[in-house]
Amino acid sequence: MTAPAPTVPADPPAAELRFPLRQRLLLPLIAWAGALLVRLLCATIRYQNSAEPGGPLDANERPMIWAFWHRCLIVATHRFQKRDIAVLTSRSFDGEVISRIIEKFGYQAVRGSSRRGALGAVLGARRQLEGGRAVAFTVDGPLGPLYEAKPGPVVLSRLTGVQVIAFHIAVERAWTLGTWDRMLVPKPFSRAFVHFSPPVLVPAVADETQMEAWRRELQMTLEHVRDVAEAKIKPSTQRTQRKKN
């Protein structure tokens, strides 16, 4: 007889995350203002999608594991809203702010990260996939280094048998914040280019050495889709610069 699968504990509600009183009071205000800012900044963006051969032209596949760089978080939040996607977020105060903002756009926050609560995050993400949702990772989060992929997506793929797709969103005109992730803040009436990779599946029998090879493969794929997406904005950006000169 096959033993029943172990019960996966539910994610603790936000109220159980222990923050100082001042932070608990500020959280609703910051989340409301942050969501409003995302809507205002992204309302006039014109999106264009493209994909590698075999890749999707939009983020509609279910279940699926999506991987992207942290600096795309603002535009990705707007672009893929209300699609029943779960997103891994940190248990830090900043992670809680992000969780509350993205929940206003129809995402399900799964709290945990590569630094804190990693096992709980993977188990929570598995539960979301089993429920028919897609799961998204900001793979160089929560605190970097920038453009360095963590193993979360490949670990989850091996555990669940669900494929991984990487994507990048390049914005034609944007401010770049002085944060570790060089967060993109789109300027009004800009264009954004979304580029997807084909899906890959990490074998369930992959050993530790093979898992590192899969992580490096994801790293190269993320760099490739970033380069393709950003190449699409360079001609228009260069034309704008020539006009200014």
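General remarks:
- Residue in segment 153-161 that is closer than 17 Å to D58 by Cα, open to solvent by less than 20 Å² (accessible area, probe 1.4 Å) and among the aliphatic types (A, V, I, L, M) present: no
- Matching entry among A121, A204 (being touching a Gly at 6+ places or on another chain (Cβ under 9 Å) and assigned to a loop (DSSP other than H, G, I, E, B)): A204
- Of all residues in segment 135-160, those satisfying the criterion of being polar (S, T, N, Q) and over 21 Å from S99 (Cα atoms) are S157, T160.
- Yes/no for A170 being under 20 Å from A76 (Cβ atoms), out of contact with any Ser or Thr (no Cβ under 9 Å at 6 or more places or on another chain), small (G, A, S) and modelled with pLDDT of 95 or more: yes
- E130 fulfils the conditions (1) open to solvent by 10 Å² or more (accessible area, probe 1.4 Å); (2) within 15 Å of I74 (Cα to Cα) except for a single criterion, (2).
- Hey, R39 charged (D, E, K, R), in a helix (DSSP H, G or I) and without any contact (Cβ under 8 Å) to a residue 60 or more places away in the chain or not: yes
- Any hit, segment 214-228, residues being open to solvent by 40 Å² or more (accessible area, probe 1.4 Å), without any contact (Cβ under 8 Å) to a residue 24 or more places away in the chain and part of a loop (DSSP other than H, G, I, E, B): no
The values are calculated or read from the model by the stated rules, or taken from the named source; none is laboratory data. Because the structure is a prediction, the values reported are computed rather than measured. FYI the Cβ positions are ideal-geometry reconstructions off the backbone, even for glycines, and counts take in every protein chain you see. Surface areas here come from the heavy atoms of the whole protein model, side chains and all, with no ligands, DNA or RNA. Shrake-Rupley method; radii C 1.70, N 1.55, O 1.52, S 1.80 Å.
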